[in-house]
Amino acid sequence: MKSYIVGNWKMNFAVSESSIYLHKLLQRTRQYRDIEVVVAPSLTALQPLSLQIDRKKMRLAAQNANPHDFGAYTGEVSFTQLRGIVDYCIIGHSERRQLFHQSDKDIRASVAAALRNNITPILCIGETETERTFGETYDVLRDQLLGGLSEVSTEDIAKVIVAYEPVWAISTTTDAHIASPDEIADVMQFLRRTLLDTYDKSSAEQIPLLYGGSVNPSNAGAYLTVPEVNGLLIGGASLIADQFVKIIETAKKVRD
Ligand code: PEP
């Protein structure tokens with residue numbers, strides 16, 4: 001399986017800035033056969049960047065899309081409209097779940113819509129600080145994982161990527177909120193076991209499991225060596241070329 005390094009730019013950079021930043025990343029990134037680098041710019045930048053990107057080095061992701069293919073959904077953009085522009089889409093990011101009240105129903109419909117449109121879904125799951133405190137982590141993760149995948153056919157299940165992002169560990173610099181590699185090791189194993197218990201072995205083994213939550217060049221190596229971690233989903237550090245490129249190089253070193 002490849003290693004995945006995914007940068008979520010969130011709501012940052014105007015179109016021209018995105019283009020300049022992508023240019024910088026492309027100049028500084030080598031082509032690695034065993035590492036898939038993916039960046040997720042804002043919606044407005046996706047189409048122009050799709051013409052600029054070197055797909056041998058990097059792929060594009062959307063940060064969200066609407067599960068309906070077409071129709072009267074003012075202000076929304078569908079997976080069908082993103083077809084040919086992006087290869088991936090982040091689905092169910094905690095910011096969308098929390099700030100925009102995205103429901104499990106929307107999320108499972110989005111995962112199915114992505115696959116229907118030949119876009120690889122990156123399904124994000126993760127417990128909040130309160131859920132963690134009340135010992136609900138594993139129940140929440142099982143529900144979000146199996147709920148998010150429940151409309152995926154058995155033939156398609158191996159085409160999905162899952163990202164574990166503990167909500168309490170996102171965009172933090174506080175030590176108490178940085179998830180330790182030991183802590184996430186148990187969770188990653190739980191996720192793989194849940195997939196193995198639910199789907200056939202060869203499909204379940206092929207699903208890449210990413211970790212996300214305040215990843216930076218100093219901790220990326222430790223996360224990438226946790227068993228069952230097949231890549232990283234990165235927010236803040238993906239906006240700084242030096243840091244993002246260092247994380248890609250770390251992923252390469254860990255593989256070699
Ligand atoms: C994210 O929001 O997906 C994320 C992982 O952000 P950060 O790396 O800034 O914690």
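Across the alpha-carbon atoms of region 155-195, the computed radius of gyration and Dmax are 12.9, 42 angstrom.
With r as the distance between the Cβ atoms of HIS177 and HIS101 and R0 = 30 Å, compute the FRET efficiency 1/(1 + (r/R0)^6) and round to 0.05. Please report the intermediate quantities before stating the final value.
Details: r = 24 Å, r/R0 = 0.79.
Taking R0 as 30 Å, the efficiency between HIS101 and HIS177 is 0.80.
Simple spin-label estimate for GLN52 and GLU76 gives 3.0 nm between the two label positions (7 Å along the Cα-to-Cβ direction from each Cα). Among beta bridges from DSSP that stay inside region 1-150, the antiparallel ones total about 0%.
Any idea what the dipole of the chain comes to, in debye rounded to 20, about its Cα centre with Lys/Arg Cβ at +1 and Asp/Glu Cβ at -1? Before the final figure, lay out each step's value.
Numbers: 26 positive and 31 negative charges, 233 e Å.
About 1120 debye.
Candidate cross-link partners of LYS2 among the lysines, defined by an alpha-carbon separation under 23 Å and a same-chain spacing of 8 or more, comprise LYS56, LYS57, LYS159, LYS201, LYS246, LYS252, LYS253.
When Lys and Arg each count +1 and Asp and Glu each count -1, what net charge do the other residues less than 14 Å away from GLU165, Cβ to Cβ, add up to?
Working: positive: LYS10, ARG96, ARG97, ARG132; negative: GLU95, GLU127, GLU129, GLU131, GLU183.
Once positives and negatives cancel, what remains is -1.
Please state, as a whole number in µm²/s, the translational diffusion coefficient that the Stokes-Einstein equation yields for region 148-256 at 4 °C and 1.567 mPa s, with Rh defined as the Kirkwood radius across alpha carbon pairs. Display every interim value, and only then the final one.
On the way: Rh = 14.6 Å.
My calculation gives 88 µm²/s for D.
For region 190-256, the relative contact order is 31 percent, taking Cα pairs closer than 8 Å that sit 6 or more residues apart in sequence and dividing their mean separation by the residue count. Taking 0.36 nm per residue of sequence separation and removing the Cα-Cα distance, the THR133/THR225 pair yields an extension gain of 30.5 nm.
Please report how far the C-alpha centroid of region 133-165 lies from that of region 188-211, rounded to the nearest whole angstrom. Cα centroid to Cα centroid, the span is 10 Å. On the basis of the beta-carbon distance and an R0 of 22 Å, LEU146 and VAL254 show a calculated FRET efficiency of 0.15.
If you scale each eigenvalue of the Cα gyration tensor by 5 and take the root, what three semi-axes come out for region 189-237, rounded to whole angstrom and sorted largest first? List each step's numbers first, then the result.
Numbers: eigenvalues 123, 18, 13 Å².
For region 189-237, the semi-axes come out at 25, 10, 8 Å.
Summing -39500 (n - 2.57) over the DSSP H runs of n ≥ 4 in the chain and dividing by its residue number, what mean residue ellipticity at 222 nm do you reach, to the nearest 500 deg cm²/dmol?
Numbers: 11 runs with 109 residues, N = 256.
Helix contribution divided over all residues of the chain: -12500 deg cm²/dmol.
From the P(r) of the chain, could you give the percentage of C-alpha pairs in the tail past 28 Å? Write down the numbers at each step before the final one.
Values: 9084 of 32640 pairs.
Value for the chain (Cα pairs over 28 Å): 28 percent.
Placing pseudo-labels 7 Å out from each Cα toward the beta carbon at LYS24 and SER202 gives an inter-label distance of 4.5 nm. Karplus-based coupling profile of region 200-207, in residue order and whole Hz: 5, 4, 5, 5, 4, 6, 8, 6, with θ = phi - 60° in 6.51 cos²θ - 1.76 cosθ + 1.60 and x standing for Gly or Pro.
Chymotrypsin sites (Phe, Trp or Tyr not before Pro) within region 24-122: which are DSSP loop residues with at most 11 other Cβ atoms inside 10 Å?
On the way: sites: TYR32, PHE70, TYR73, PHE79, TYR88, PHE100; in loops: TYR32, PHE70, TYR73, PHE100.
Listed in order of number, the matching sites are PHE70, TYR73, PHE100.
Alpha carbon centre of region 239-255 versus region 16-90: separation in Å? Going from one Cα centre to the other spans 19 Å.
Note on region 28-133: Cα convex hull, mean projected area over all directions, 8.4 nm².
Please compute, over every Cα-Cα pair in region 1-66, the percentage with a separation greater than 20 angstrom. Present the calculation step by step, with values, prior to reporting the outcome.
Working: 470 of 2145 pairs.
Within region 1-66, distances greater than 20 Å cover 22 percent of Cα pairs.
Based on the Kirkwood radius over alpha-carbon pairs, what is the Stokes-Einstein translational diffusion coefficient of region 83-220 at 10 °C with 1.306 mPa s viscosity, in µm²/s? Could the numbers behind the result be given before it?
Details: Rh = 15.4 Å.
Translational diffusion coefficient: 103 µm²/s.
Can you pull out the GluC sites (Glu not before Pro) in region 80-180 whose DSSP state is coil and whose Cβ has at most 10 other Cβ atoms within 10 Å? Listed in order of number, the matching sites are GLU155. Of the trypsin sites (Lys or Arg not before Pro) found in region 28-134, those in coil by DSSP whose Cβ has at most 12 other Cβ atoms within 10 Å are ARG30, ARG33, ARG55, LYS56.
Each 10 Å bin, from zero up to the one with the longest distance, holds this percent of the alpha carbon pairs of region 128-168: 26, 46, 22, 6.
Every read-out reported here was derived from the displayed coordinates using simple, explicitly stated rules and does not represent laboratory data. Because the structure is a prediction, the values reported are computed rather than measured. Every residue, glycine among them, receives a Cβ derived from its backbone with ideal geometry; neighbour counts consider all protein chains shown.
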